[in-house]
């Protein structure tokens, strides 16, 4: 027989459980002692997933996400190019972005507007250096001022004072800009007679959160 409390197997003539001390003899209808019946096992559900199955499910889910991310990145690279794809990713997570890094050639008595697309609001750092040629004027304006610039109505062009400079060969400015389209304008007001006929200007622009 078995203890009705803890299930320990006992001798048939036992009156108390040797493990938990529970009395185990019960009176039968005939006055004798009836052995206690072993407790029925507790039913457990077999539908719950095991730890191994849970780990396999999580691993499969992570692999699926990684494959989808790789496919999406490949598609973006194919459609926008490596540089464009990198900029899209940086825009999504608001990481630092290099908006411009090249050497511009500017003729004397002319100007050039360098388009800057600022994909999110942040700190814009502009670094210009005249590698060869004449001092230049620098200003920053929004894309809606393009028509006034084409007419060279400079007094009517709305500019950001933080980025203004005149007759400079070394230029470094930083200021916060909102998301939007801008033009970084470089002007050479010299006539090219007693000065260089053209200038080479290194232009570096970076956006930081």
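What follows draws every value from the coordinates through simple rules; no lab data is involved. Just so it is clear, the structure is predicted and the values come from calculations on it, not from any experiment. So basically every Cβ, Gly included, is an ideal-geometry build from the backbone, and we count neighbours across all protein chains shown.
The order of 191, 177, going from fewest to most other C-beta atoms within 10 Å of their C-beta, is 191, 177. In plain terms, the chain from residue 178 to residue 54 could stretch by 40.0 nm, reckoned as 0.36 nm per residue minus the Cα-Cα distance. Taking the number of Cβ atoms within 10 Å of each Cβ as an exposure proxy, the fewest-first ranking of 144, 188, 137 is 144, 137, 188. Between residue 166 and residue 102, the FRET efficiency from the beta-carbon distance, with R0 = 30 Å, is close to 0.85. Sorting the segments 14-23, 120-129 by their mean number of nearby beta carbons within 10 angstrom, highest to lowest, gives 120-129, 14-23. Computed from the C-beta positions of residue 93 and residue 67, the FRET efficiency with R₀ = 30 Å rounds to 0.90.
A crude spin-label estimate for the pair residue 127 and residue 110, with each label 7 Å from Cα along the Cβ direction, gives 2.7 nm.
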